[in-house]
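> Questions regarding the structure given below will be posed in turn.
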Amino acid sequence: MPSIRVFPPIRGFEQEFNSLDAQREAAEAYIKSQAHEGWTCLKEAYDDGGFSGGSMERPALQKLLEDVRLRKLDVIVVYKVDRLTRSLADFAKLVELFDGHEVSFVSVTQSFNTTSSMGRLTLNVLLSFAQFEREVTGERIRDKFAASKKKGIFMGGIVPYGYRLEKRKLLIDPPEAEKVRLIFSLYLELKSLPKLSVALADRGIVSRQRSYGAGKTIGGQPFRVGGLSHILSNRLYVGEIQHHKEHYPGEHQAIVDRSVFDLAQTELASRKTRKSNTSHSSKAPLKGLLFDSNGNRMVPSHANKSGLRYCYYQSSVLNHGQKHKAGTINRVPAGEIEAEVKAALIDRTASKNDRSVACASQESWASCIERIEVLANQLSITLKPAVITHDTQVGAEVEADADAELVTSSTFTMPWSKPTTRRRREHSAPDNSTLQQRPIRSEARSRLLKSIVQSRIWLDQLVHDRTSDVTSIAKQQGFSEKSIRGTLSLALLAPDIIEAAIEGRLNRGLTVTQMTGLPSDWTLQRDALGLI
């Protein structure tokens, strides 16, 4: 919906007799002069004092249009045509609406009406000039803003954190300025906006509290990631004024050294690059559907360890340093909860013949879910009302069904408990192993095999795609080139070494990093691993 521009009280409106009253008197006098035509003035006035004529979203105008549709009016009388609208495009729509409901349009100070072709022509000419005046005024204001900012003048808006406004000038606020410098230094140390948010919350540093009309107060809350990103990228803190993509020396003093600011911009840019390189590969079917027991949305996240990515969902408040606001369970592994929810939907479809969740067997199985609440010992799953159509179709058959409640209910629960983070380590060894040497651990073997498979995929990509190289793969996967080259070396392992890894005959203690450091000669590889 287009924004409505509401002006402060216009000068003179508080007077007992203002411009709107004068315009209405003129319109009433005109209507009386047309009494011989049977015109009668309605008691209701459609006044939009304080609203811009450039917008159609004005209360009185919308009420007028509604009365036109209800055929309560025959003629609309205005003082001047631009009192109705200043937009030629909007006026064309209004005229079409008026014509469709046989309503005429008359201007008191401009002698014409829309019942004649000459009146239409005159009206369009006048309205074109009204729109021209509005556009010229807008251009003049924009040019003034641009010229003022080139001179370094602060042109209003929310006063940045760390400054105060006096006589339309930005002055440094020492206590807040010190906190701004701390924000920059901590970010360069932590190199993470979520961690920065947590660190500031632990120190009790919150945003500025501001009061508005009617006693409304905002602010005074821990800094969130979005607000911190805005502070770290705001060129006001180095004494500059920004206008679109250009920036100019400002009248105010800087708070942050330029060298510190430039380092922060470099880190922010690299963060955006890493995020863009990895966002395309993020698959989170339950994104936007999971909520903890306190009603906080659980958002996708991940962690990288030993070349592997671990995905999970966590309460959004954890990203803002507000762990105390999180529910009983604030983080769950993505793979486990996705698999269990999907299995529950498929089982519900198969065992209860519930057509409301038939999509569970398709790739878009999560599309039939509206909300999932993660509780201590169970999941509460609410299905979208749009897909629960079986209820109104089964009729009396549902009443005879012993499981009618399951079919008709849009919410069901399933037992669930968060998997423990401490897992029992298992060892992999062939059945005929004498176990004279401790075999490789199961999880280490799994990581190694996954890395070998990945190395074969990347090698095949390099061989068959001439446009592909190590650099492009690194950007695509979000890893360093060194990591990609190390993993690619696993594609050169001897076949019997790969077979030994599959059968669990490698010695305990071997890691993926150690395997990437083996020589390319197969004999030397076997000798290094003690397989000869």
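The values are calculated or read from the model by the stated rules, or taken from the named source; none is laboratory data. Owing to the predicted nature of the structure, the values given are computational and were not obtained by experimental measurement. Counting neighbours? That spans all protein chains shown, and the Cβs are built from the backbone with ideal geometry, glycine included. These accessible areas exclude ligands, DNA and RNA; they are computed on the full protein's heavy atoms, side chains included. Shrake-Rupley method; radii C 1.70, N 1.55, O 1.52, S 1.80 Å.
> Which residue pairs have Cβ atoms under 7 Å apart, sit 6 or more places apart or on different chains, and have a first residue in the stretch 230-246 that is within 19 Å of Leu165 (Cα to Cα) and open to solvent by less than 40 Å² (accessible area, probe 1.4 Å) and a second that is of a type in the set (D, E, K, R) and in a helix (DSSP H, G or I)?
Every condition considered, the pairs that remain are Val238/Arg258; Ile241/Lys149.
> Could you look through the stretch 144-168, keep only residues that are touching a residue at least 60 places away in the same chain (Cβ under 8 Å) and among the basic types (Lys, Arg), and pick out the one that is surrounded by the fewest Cβ atoms within 10 Å (Cβ to Cβ)?
Among them, the one singled out is Lys151.
> Which number in (1) within 26 Å of the chain's Cα centre (by Cα); (2) part of a helix (DSSP H, G or I); (3) of a type outside the set (A, V, I, L, M, F, W, C); (4) surrounded by 14 or more Cβ atoms within 10 Å (Cβ to Cβ) marks the one condition that Arg181 misses?
The number of the failed condition is (1).
> Related question: Quick one: would you say Asp465 is at pLDDT below 85 and either among the small types (Gly, Ala, Ser) or more than 22 Å from Pro333 (Cβ to Cβ) (or both)? So that I can check it myself, show each step before the final result.
Details: at pLDDT below 85: yes; either among the small types (Gly, Ala, Ser) or more than 22 Å from Pro333 (Cβ to Cβ) (or both): yes.
So Asp465 passes the test.
> So which residues in the stretch 32-91 are acidic (Asp, Glu) and part of a helix (DSSP H, G or I), if there are any at all? Steps first, answer last, please.
Of all residues in the stretch 32-91, those acidic (Asp, Glu) come to 37, 44, 47-48, 57, 66-67, 74, 82, 90.
Of everything in the stretch 32-91, those that are acidic (Asp, Glu) and part of a helix (DSSP H, G or I) turn out to be Glu37, Glu66, Asp67, Asp82, Asp90.
> Can we say Pro160 is modelled with pLDDT of 85 or more, over 19 Å from Leu263 (Cα atoms), more than 27 Å from the chain's Cα centre (by Cα) and not in a strand (DSSP E or B)?
Working: modelled with pLDDT of 85 or more: yes; over 19 Å from Leu263 (Cα atoms): yes; more than 27 Å from the chain's Cα centre (by Cα): no; not in a strand (DSSP E or B): yes.
Criteria not met by Pro160.
> Do we have Ala89 as surrounded by fewer than 17 Cβ atoms within 10 Å (Cβ to Cβ), of a type outside the set (Lys, Arg) and modelled with pLDDT of 80 or more here? Quick ask: steps written out before the conclusion?
Details: surrounded by fewer than 17 Cβ atoms within 10 Å (Cβ to Cβ): yes; of a type outside the set (Lys, Arg): yes; modelled with pLDDT of 80 or more: no.
Answer is no for this residue.
> Residue by residue through the stretch 311-346, note down the ones that are surrounded by fewer than 17 Cβ atoms within 10 Å (Cβ to Cβ), in a loop (DSSP other than H, G, I, E, B) and either without any contact (Cβ under 8 Å) to a residue 24 or more places away in the chain or touching a Gly at 6+ places or on another chain (Cβ under 9 Å) (or both).
Within the stretch 311-346, none qualify.
> While we're on this one: Here is a check on your reading of the model: is Leu506 within 24 Å of Asn304 (Cα to Cα) and either open to solvent by less than 80 Å² (accessible area, probe 1.4 Å) or touching a strand residue (DSSP E or B) at 6+ places or on another chain (Cβ under 9 Å) (or both)?
Numbers: within 24 Å of Asn304 (Cα to Cα): no; either open to solvent by less than 80 Å² (accessible area, probe 1.4 Å) or touching a strand residue (DSSP E or B) at 6+ places or on another chain (Cβ under 9 Å) (or both): yes.
Here the answer is no, as Leu506 does not meet what is asked.
> Of everything in the stretch 343-378 that's touching a Ser or Thr at 6+ places or on another chain (Cβ under 6 Å), modelled with pLDDT of 80 or more and among the hydrophobic types (A, V, I, L, M, F, W, C), which residue is nearest to Thr413 (Cα to Cα)?
Among residues in the stretch 343-378 that are touching a Ser or Thr at 6+ places or on another chain (Cβ under 6 Å), modelled with pLDDT of 80 or more and among the hydrophobic types (A, V, I, L, M, F, W, C), the one nearest to Thr413 (Cα to Cα) is Leu375.
> Check whether at least one residue in the stretch 218-229 is among the basic types (Lys, Arg) and farther than 15 Å from Val180 by Cα, and report yes or no.
The first filter runs over the stretch 218-229 and keeps only residues among the basic types (Lys, Arg), leaving 224.
Right, trim to farther than 15 Å from Val180 by Cα and you get none.
No; the residues of the stretch 218-229 include none that is among the basic types (Lys, Arg) and farther than 15 Å from Val180 by Cα.
> Quick check on my filter: what residues within the stretch 506-516 are over 15 Å from Lys450 (Cα atoms) and modelled with pLDDT of 80 or more?
The answer is Leu506, and nothing else.
> Another question, then. Going by the structure shown, is Leu268 surrounded by 15 or more Cβ atoms within 10 Å (Cβ to Cβ) and either more than 22 Å from Glu178 (Cα to Cα) or modelled with pLDDT of 90 or more (or both)?
On the way: surrounded by 15 or more Cβ atoms within 10 Å (Cβ to Cβ): yes; either more than 22 Å from Glu178 (Cα to Cα) or modelled with pLDDT of 90 or more (or both): no.
No: the conditions fail for Leu268.
> If the requirement is being open to solvent by 30 Å² or more (accessible area, probe 1.4 Å) and modelled with pLDDT under 85, which of these qualifies: Lys287, Lys283? Let's see the steps before the verdict.
Numbers: Lys287 fails: modelled with pLDDT under 85.
The match here is Lys283.
> Here's a follow-up. Going by what's in this entry, would Val387 be described as modelled with pLDDT under 70 and surrounded by 16 or more Cβ atoms within 10 Å (Cβ to Cβ)?
On the way: modelled with pLDDT under 70: yes; surrounded by 16 or more Cβ atoms within 10 Å (Cβ to Cβ): yes.
It is true that Val387 is modelled with pLDDT under 70 and surrounded by 16 or more Cβ atoms within 10 Å (Cβ to Cβ).
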